[in-house]
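Input: a single structure, listed below in structure tokens.
The values are calculated or read from the model by the stated rules, or taken from the named source; none is laboratory data. As the structure is a prediction and not an experimental result, all values here were calculated from the model. All Cβ positions, even for glycine, are placed from backbone atoms using ideal geometry, and neighbour counts span all protein chains on display.
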Amino acid sequence: MRARRLVAVACTAGVALSMLTITAQAAAPKEGLRLLAVRDSLTATHTWYEQTYDGKPVLGAYYVEHVDKVTGAKTVDDGRLAVGAVDLTPAVTEEHAKSRSAGVPEGAKLTVLPGTGLVYEVISDNGKGSERTLVHAETGAVVRTESLVKHVDGTGKVFSPNPVSSQQNQNLVDADDADSAVPAAAYRSVTLSDLDGSGYLKGKYAQLTGAKSKLAYNKGNKFSYTRSNDFFEQVNAYWGVTEAQKYIQGLGFKNVNNEAQKVTTIGLTDDNSFYDPAKDQITFGTGGVDDAEDVEVVWHELGHAIQDAQVPGFGSTTESGSIGEGFGDWWALIMSSRDAKDTATTPLACIMDWDATAYTTETPHCLRRTDTDLKYADRKGEVHFDGQIWSRALFDVFTAFGRDKSAKIVLEAQFSYSPSATFASAAKATVAAAKKLYGDKDAAVVQAAFKARGIA
């Protein structure tokens, strides 16, 4: 069981913070911990330890301290595991343990596996990459074997961000998933990175879920389908989620929804999509234009998963829910801005314009826009409508600073939101993040964006 607690550390000067950081690196804070690594993020230093039992590492356990670079405030993430009494005298030899691996062994060491006891951790190469075999140190039996290969790359076809945008054509219609409804030029051949090599769309940052018979599979990791094939939406969703996480990582954030996000395009026939925090899963509907065909829908729904990962339980009130919807729209814009054409035909601020063709008549087709003139006083108590107030403020931040800088500010700020954040409290946290990262001048620009929306 992992406990999380906050520890206040008083530091009145940079010297005090430096002393604190050096101390964290020099010695373990508790017995049974061994220093592993020290990492720096944008605003904090993160010191990682492994748990040990009488000098032997405990598999899967950790302890980490996060120290704010400015205030010295420390957050402790305690991932130590209960071990119990363990006999540390092996009954089988290291050579025997190595012989139980399927590949060519490269090394073996004694470790403690909670719930099992003393095991040999054997690393070997089976010809398809490294794998780990855990061998019981008393019985010699194989406890489990697992691949350590991080990822393979595949190929596929996607829409980026959607056919309306890429083809500059507001007259496209769904036509019941017909291939003939969308020009071949709308498809883009891409690399599907970070796959696990299983032949399914399952990887480091995204995994498609559902009955295996309904999931795209290719032994060679080649997933080139057109929209009449239900597998196409799965490829689009996998690519969209993975590209977003790679972008986040590239900004310097290593723990913003850094997981294999569960996604399904199977079973929901409504023209709707949603993120379910209880299951940590995004579900895309197939009514009208299949939602996962429009990668801006993918990125919007991923926005909810991002916020839930940063602030567990985020969106518990109407205002925080509105912030969530506004951020999702803005995140779709941020991700689309790499490929989308910002023209009078398809304004960048017009979000999810391919999906919107199913139920809008005016052009440009927009599910929502991020450049409305709505203000805080215009709230209606409906999260999608009120979210446009928040997304406009973020749109102005994007306009002022560009993609990367604005994304850093907003993502950094969201770590400080509460689950029931108000517009005012979230705006204050966002201004504070801008000040920490870039100084007073840029913080004033962010503050002005919120004031223009009537957010104090």
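Out of all the residues in segment 245-270, which are in contact with a Gly (Cβ under 9 Å, 6 or more places away or on another chain) and not in a strand (DSSP E or B)?
ALA260, THR265, ILE266, GLY267, LEU268, THR269, ASP270
So which residues in segment 66-97 are closer than 13 Å to VAL119 by Cβ and surrounded by 15 or more Cβ atoms within 10 Å (Cβ to Cβ)?
Matches in segment 66-97: VAL83, VAL86, PRO90, VAL92, GLU94, HIS96, ALA97.
Please name all residue pairs, on different chains or six or more residues apart, with Cβ atoms under 7 Å, provided the first residue is in segment 372-387 and is outside the structural domain of GLY303 (by TED's automatic domain parsing) and the second residue is part of a loop (DSSP other than H, G, I, E, B).
Every condition considered, no pair remains.
Which ones in segment 32-46 are in contact (Cβ under 8 Å) with a residue 24 or more places away in the chain, part of a strand (DSSP E or B) and touching a helix residue (DSSP H, G or I) at 6+ places or on another chain (Cβ under 9 Å)?
Matches in segment 32-46: THR45 only.
Consider ALA184 against the criteria (1) over 30 Å from THR361 (Cα atoms); (2) modelled with pLDDT of 95 or more: it satisfies all of them except one. Which criterion is unmet?
(1)
Out of (1) surrounded by fewer than 20 Cβ atoms within 10 Å (Cβ to Cβ); (2) closer than 15 Å to GLU293 by Cβ; (3) free of Cβ contacts under 8 Å to residues at least 60 places away in the same chain, the odd one out for ALA211 is which?
Result: ALA211 passes all but (2).
Hey, can you tell me all the residues within segment 299-340 that are outside any helix (DSSP H, G or I), farther than 15 Å from ASN162 by Cβ and not hydroxyl-bearing (Ser, Thr, Tyr)? Steps first, please.
Going through segment 299-340, the residues outside any helix (DSSP H, G or I) turn out to be 311-317, 337-340.
Still in the list and also farther than 15 Å from ASN162 by Cβ: 311-317.
If the condition is that a residue be outside any helix (DSSP H, G or I), farther than 15 Å from ASN162 by Cβ and not hydroxyl-bearing (Ser, Thr, Tyr), then VAL311, PRO312, GLY313, PHE314, GLY315 are the ones that fit.
Residues of segment 263-292 being acidic (Asp, Glu) and free of Cβ contacts under 8 Å to residues at least 40 places away in the same chain, which ones?
Hits for segment 263-292 are ASP270, ASP276, ASP280.
Can you confirm whether LEU411 is more than 17 Å from GLN307 (Cβ to Cβ) and either part of a helix (DSSP H, G or I) or of a type in the set (A, V, I, L, M) (or both)?
no
What do you reckon, is SER124 in the same structural domain as GLY140 (by TED's automatic domain parsing) and either at pLDDT 95 or above or within 33 Å of the chain's Cα centre (by Cα) (or both)?
yes
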